[in-house]
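> After the structure tokens below, expect a handful of questions from me.
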Amino acid sequence: MPIPLFDTVGPLQPLRQSLLAAAETTLERGSFILGPQVEAFERELADYLGVKHVVSVANGTDALTIALRAMGVGPGDDVVVPSFTFYGSAEAIPPTGARPVFCDVDRDTMMVTAETVKAALTPATRAVIAVHLFGNVAPIRELEALGLPVLEDAAQAAGSRGPHGRPGALGTAATFSFYPTKNLGCMGDGGAIATSSDEVMELARMLRCHGSRDQATWEMIGYNSRLDELQAAFLRVLLPELDRWSQGRAQAASSYAEAGLGKLVELPEPTDGSTPAWHVYVIRSEEADRIAAALTEAGIGSKAYYRRPLHRHPAMAPYAHGIELPATDELARLHLAIPIRPTLTPAEAEQVTDAVASVRVAR
């Protein structure tokens, strides 16, 4: 049987009636923007993460831009960001007036460290974006020891746990995406900012609504960026399932190890003391392209997400002159995401492993 890279339908099937009921309740109320479903979801997600506040917005990229501005980032500032990540992590910086400054990552964890960030600091650095890449947990406390505010990009890490708490509750603020393929995904676009700072919360709530507190006086140039009531209603049904799904993702990773995949390629390793809810499961190999071809032939999904690091994209050229990031370039060449989901079976893990092994046999 084919094994897709993502399955956005299967895990939702047992929840179908609850999701339909949530939609019907929302339709009956006739409140579709910033209503009771949004308020309840923000409160429930804050409780889950262990923070004081959640401010929901339209998508994960808006969440980053709004969070940065709420943290005081603006024109003339620099924001350190890894180059080995999704484009939105860096794309969100220029709209604040600030400049992205790209840093390298650790080859083993594929994430920033205090050392890689320190090498990229400038006199104008105002904040650091730490991406919990692929669901692993970045070392936020070590980054905060550099003396700068840290914004967690937790879009890929809903449901993960670190030694000091959940991603989303570790830095000055954190952002989430609820894109349908995420660990906690809705039926469209959605995002959120999590923080225990009253000031960041207040500014974020203003910025998401055109820079107004009361929709009568406009104090800032803001955004029209709000989570729909209907999406919030869906997310309220899904949030209680997140820990169970996270355990399923961890078990899927264990199934790959038990199938012997680690003898063929490098497997991702959790950072010290963390339990990742793997959003994508990224292997590394000198034969990554040949493995991808073999998986396709076997009906198995795969994807190389960041073959071109961010600092090598045309849109980022003004911010990347003379930058050399050797670990990032190596990881871009070697990485490949293979299927992972809460319902991945040991038999499917063996099927994927056999397809990977066929490349080594052919060689």
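> With Cα extents along the principal axes in Å as the read-out, I listed (1) 68, 54, 36; (2) 57, 45, 37; (3) 65, 51, 37; which label goes with the value calculated from this structure?
(1)
> Separate question: Roughly speaking, what is the stretch gain from ARG29 to GLU202, that is 0.36 nm per residue apart minus the C-alpha to C-alpha distance, in nm to one decimal? Could the numbers behind the result be given before it?
Numbers: separation 173, 0.36 × 173 = 62.28 nm, distance 2.71 nm.
Here the segment from ARG29 to GLU202 would lengthen by 59.6 nm.
> Most exposed first by the Cβ proxy, i.e. fewest other Cβ within 10 Å, how do TRP245, TRP218 rank?
In increasing order of surrounding Cβ atoms, one gets TRP218, TRP245.
> Cut-off 10 angstrom, C-alpha nodes, Gaussian network model of the chain. Which of ALA337, ALA23, ALA216 fluctuates the most?
The residue that fluctuates most here is ALA216.
> Kyte-Doolittle mean at least -0.5 and Cα extent at least 18 Å along the axis: which DSSP H helices of the chain qualify? Mind showing how you got there, number by number?
Values: long enough: 16-29 (20 Å, -0.35); 36-49 (20 Å, -0.48); 242-258 (24 Å, -1.00); 346-362 (24 Å, 0.25).
Those that clear 18 Å and a mean of -0.5 are 16-29, 36-49, 346-362.
> Mind checking which of THR65, MET220, CYS186 is farthest towards the positive end of the chain's charge dipole, using Cβ charges of +1 (Lys, Arg) and -1 (Asp, Glu) about the Cα centre?
After comparing all options, I get CYS186.
> Compute a Gaussian network model of the chain, connecting alpha carbons closer than 10 Å, and tell me which residue from GLY60, GLY147, GLY191 fluctuates the most.
In this elastic network of the chain, the residue with the biggest mean-square fluctuation among GLY60, GLY147, GLY191 is GLY147.
> Which percent, nearest 5, of DSSP beta bridges in the chain are antiparallel?
Here the antiparallel bridges make up roughly 55 percent for the chain.
> Taking other Cβ within 10 Å of each residue's Cβ, how do LEU310, LEU12 sort, fewest first?
LEU12, LEU310
> While we're on this one: In which sequence would MET110, MET220 go, from the one with the fewest C-beta neighbours within 10 Å to the one with the most?
Placing the least packed residue first, the sequence is MET220, MET110.
> Sticking with this one: Suppose every Lys and Arg Cβ carries +1 and every Asp and Glu Cβ carries -1, with no other charges. What dipole size does the chain come out with about its Cα centre, to the nearest 20 debye?
Roughly 300 debye for the chain.
> Choose one of GLY168, ALA40, ALA120: the residue whose Cα lies farthest towards the positive end of the charge dipole of the chain (beta-carbon charges +1 Lys, Arg; -1 Asp, Glu; about the Cα centre).
Farthest towards the positive end: ALA120.
Readers should treat all values here as calculations from the given coordinates under stated rules, not as data from a laboratory. This one's a predicted model, so the numbers in the text were calculated from it and none came from an experiment. Note that each Cβ is placed from the backbone with ideal geometry, even for glycine, and that neighbours are counted across all protein chains shown.
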